[in-house]
Each structure stands twice: as C-alpha cells, then as structure tokens.
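Asker: Below you'll find the structure I mean.
Read-outs throughout are calculated quantities, based only on the coordinates presented, and are distinct from any laboratory measurement. Predicted, not measured: the structure shown is a model, and the values here were computed from it. Cβ placement follows ideal geometry from the backbone for every residue including glycine, while neighbour counts extend to all protein chains displayed.
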Amino acid sequence: MWPNPRVPYRLSSSQKKLNPPEGKPLIVHVVMNVEYWPFDKNMPRGILPPPHGKTPEPPDLPNYSWVEYGMRVGLSRLFKLFEENSIPVSAFINAQVAEVYPSAFEKICDLKWELVGHGWFQESLRVAKDERLVIEKSLNLLRSLSGQPVRSWFGPGGGETESTPELLKENGIEFLHDWLIDELPCWMRTKSGPIVAMPYTFELNDVPIWTVQNNSCDEMQKRLNATLNVFDEEKLSNTKIITLALHPHIVGVPQNFYYLKKMIQDLKKREDVIFMTSSQIGDWYIKEEGSNGKELTPYLDKPPE
C-alpha cells in the first residue's frame with residue numbers, strides 16, 4: 001500500500017481556520033490558459049472528431065483554427081472584460097506564446113496579469129523529451145521578458161512525471177496547481193523541501209463543461225451559482241476559494257462569453273468576494289497557515305515496507 005506520497009491525507013474540515021483576506025471569505029481566482037498549439041503538430045484536443053475515424057496528420061486546420069480564433073478574437077474580448085472590471089487574472093501561459101503571439105504577450109504584461117508557468121508549448125511534461133530543459137527554458141523566457149518572478153506552475157494538461165515537483169522547486173517555483181485535491185492550498189513534499197499545492201478546478205472549467213460534456217451555454221453560470229449557495233454556509237467555518245478556469249477559444253466565443261460577463265458582474269456585486277491571483281493566494285495561505293510545511297515528513301521514493 002502506498003498512499004499519496006506528496007500530500008498527507010486530512011479531512012478538509014480539520015484544516016486550520018484561515019483569516020480571510022481583507023475580511024472577505026470568498027476568494028475568486030480567475031485563470032486564463034493562454035496556449036500555443038503548433039501548426040505542424042497534432043492538436044492536443046479537437047472540437048471536431050477525426051474524419052473517417054482517423055487522426056488527421058498536421059496540419060489539422062479545423063482544430064488549429066478553433067484555437068487560433070481564441071488567440072485573435074476571444075482573447076481580445078477577455079482583455080476588455082477584465083480590464084473594464086479591474087479583475088486581476090492569472091495567465092497560465094505556454095512560454096512560446098511570447099514568441100508566436102508577441103502582441104498578446106505584451107498586452108498581458110501591460111495589464112499586469114500574473115504569469116504562471118505552463119510549459120513551452122501545449123505538450124504534457126509526461127511526453128517531453130527533456131523535462132528539465134522545458135521547465136528551465138520556459139521559466140527563463142517568461143521571467144526575462146516580463147520582469148515577473150514567476151512563482152507558480154500548472155503543467156500542460158496537469159501532467160507530471162515523478163520528478164516534476166523537484167525540478168520545479170529547484171527552479172524557484174513555490175506554488176503548484178497540478179494537485180486538485182482540496183479547495184484550499186496545502187503543503188506538499190518534494191525531495192528539495194516543501195512547496196504549496198494550490199487549488200485548480202475541473203468543475204468550473206470551460207474545457208470539461210463545453211468541450212467534453214457539451215453542456216448548454218449557461219452551464220458554468222449555473223454551476224457557479226450552485227457553488228456560491230453551498231459556500232455561503234461553509235464560508236462561516238473557513239475561507240473558500242473559487243477558481244474559474246478559462247480558455248480564449250472556448251469561453252471567448254460570443255454565446256459563452258455572454259454568460260461569463262454576467263458571472264463577473266454578479267461576483268463584483270458581492271461584498272464577501274475578493275479577486276486574487278495565484279501567488280497572492282499562496283502568500284496569503286503561507287502567512288495564515290503559519291507552519292511553512294515543517295510538519296511534513298520526508299518524501300519517500302518508494303512505498304514503505
């Protein structure tokens with residue numbers, strides 16, 4: 001038997017009560033996944049099934065165009081929405097976006113979106129030929145071009161190898177969004193010392209909602225309202241975090257964007273909501289939780305005998 005080797009098990013109800021930031025017990029984390037899907041490679045995902053049951057060889061123009069539309073049209077809508085509403089955003093960004101879409105990268109930096117490492121292009125670290133090189137060159141490029149420290153990471157597709165947390169820790173990453181095991185941050189083990197496992201979401205995420213499950217355009221809004229209904233009670237016991245996981249080619253189309261706009265407007269009206277980015281949430285957690293991960297036992301390479 002080998003339980004979770006990185007994060008010790010605990011019931012969420014046993015989590016220490018954390019003082020809410022600025023007295024607001026509902027933290028909303030808006031995540032924009034900004035990705036580069038190379039024209040000459042197989043697409044990571046598709047909106048159209050393969051014709052005749054065969055995976056198309058590159059160029060896969062229908063599915064490439066789907067994503068390119070997002071980078072051209074969807075992202076423009078989203079920039080305007082979040083700027084007009086003064087919403088801080090975390091950009092989970094492939095580093096090569098800076099080279100392929102330089103004007104989009106410049107706008108992201110001008111708006112002061114927080115950059116979160118998300119690989120070199122949209123390829124899982126599980127299949128990368130040299131994982132260490134991907135991590136190092138991705139973080140080096142983002143840091144050098146933006147001037148930001150880039151303290152957080154989410155792997156493309158949430159993918160990791162057994163070495164990923166150690167490599168990230170060695171490259172200055174403090175906050176890791178790959179482990180979707182709690183609604184609040186928690187300390188996790190690496191061989192190089194503790195880092196913070198950060199919340200993310202598959203439930204309020206436009207990929208599963210609209211691309212995988214093919215729900216109606218108002219589905220994310222309905223899920224958000226249901227989540228808020230539950231959290232209105234639970235926030236009395238502890239601070240809660242709501243993540244909105246978005247992609248320009250999915251939420252940026254008009255029929256979905258219409259409901260996102262309503263969601264943002266409704267959230268802004270609430271007096272118990274604060275919008276925060278990845279490292280802002282991480283820093284708040286470290287301060288309020290107070291242990292710096294010192295209670296973690298060392299990481300084990302293999303199951304105990």
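Asker: Do any chymotrypsin sites (Phe, Trp or Tyr not before Pro) in segment 24-107 lie in a loop, going by DSSP, with at most 14 other beta-carbon atoms within 10 Å of their beta carbon, and if so which?
Answerer: Those satisfying the criteria are Phe39.
Asker: Considering the dipole of the chain built from charges on the beta carbon (Lys and Arg +1, Asp and Glu -1) around the Cα centre, which of Ile264, Val196, Gly46 is farthest to its positive end?
Answerer: Ile264
Asker: Here is a follow-up. Explain nothing, just the number: relative contact order of segment 189-243, from Cα pairs under 8 Å at least 6 residues apart, as a whole percent.
Answerer: Reported relative contact order: 32 percent.
Asker: Same structure, new question: If I take every Cα pair under 8 Å that is 6 or more residues apart in the chain, average their sequence separation and divide by the length, what percent do I get for the relative contact order?
Answerer: 28
Asker: Please give me, ordered by residue number, the chymotrypsin sites (Phe, Trp or Tyr not before Pro) of segment 171-263 that lie in loop per DSSP and have at most 15 other Cβ atoms within 10 Å.
Answerer: Phe202
Asker: Which of His177, His247 has the fewest other C-beta atoms within 10 Å, and how do the rest follow up to the most?
Answerer: Listing His177, His247 from fewest to most nearby Cβ atoms yields His247, His177.
Asker: Okay, moving on. Rounded to whole Hz and in sequence order, give me ³J(HN,Hα) for segment 118-127 from the Karplus expression 6.51 cos²θ - 1.76 cosθ + 1.60, θ = phi - 60°, writing x for Gly and Pro.
Answerer: 8, x, 7, 10, 7, 9, 4, 4, 5, 10
Asker: Right, next: About its Cα centre, how strong a charge dipole does the chain have in debye, to the nearest 20, once Lys and Arg get +1 and Asp and Glu get -1 at the Cβ?
Answerer: 280
Asker: In the chain, which helices (entire DSSP H runs) extend 15 Å or more along their own long axis, judged by Cα positions, while averaging at least -1.0 on the Kyte-Doolittle scale?
Answerer: Helix filter hits for the chain: 131-146, 219-234.
Asker: Shifting gears a bit: Calculate the spin-label point distance for Arg270 paired with Cys217, positioning each point 7 Å from the Cα along the beta-carbon direction, and give it in nanometres.
Answerer: 2.4
Asker: Right, another one. Which FRET efficiency, nearest 0.05, do Glu170 and Glu203 yield, Cβ-Cβ r, R0 45 Å?
Answerer: Between Glu170 and Glu203 the formula returns 0.90.
Asker: Take the residue pairs Lys17/Lys235; Lys24/Lys235; Lys169/Lys294; Lys80/Lys107; Lys24/Lys107; Lys16/Lys302 and return only those whose Cα atoms are more than 19 Å apart.
Answerer: Pairs exceeding 19 Å: Lys24/Lys107; Lys16/Lys302.
Asker: Given a Förster distance of 22 Å, report the FRET efficiency between Lys112 and Asp283 from their Cβ-Cβ distance, rounded to the nearest 0.05.
Answerer: Plugging the Cβ-Cβ distance into 1/(1 + (r/R0)^6) gives 0.85.
Asker: In whole Å, what is the distance between the alpha-carbon centres of segment 255-305 and segment 138-200?
Answerer: 13
Asker: Over the alpha-carbon set of the chain, divide Rg by the Kirkwood Rh and report the Rg/Rh ratio to two decimals.
Answerer: Taking Rg over the Kirkwood Rh, I get 0.95.
Asker: What does the charge count near Thr164 come to, summing +1 for each Lys or Arg and -1 for each Asp or Glu among other residues with Cβ under 12 Å from its Cβ?
Answerer: With Lys, Arg at +1 and Asp, Glu at -1, the neighbours total -1.
Asker: Fully extended, how many nm does the chain gain between Gln148 and Phe39 (0.36 nm per residue separation, minus their Cα-Cα distance)?
Answerer: The span from Gln148 to Phe39 would gain 36.4 nm if fully extended.
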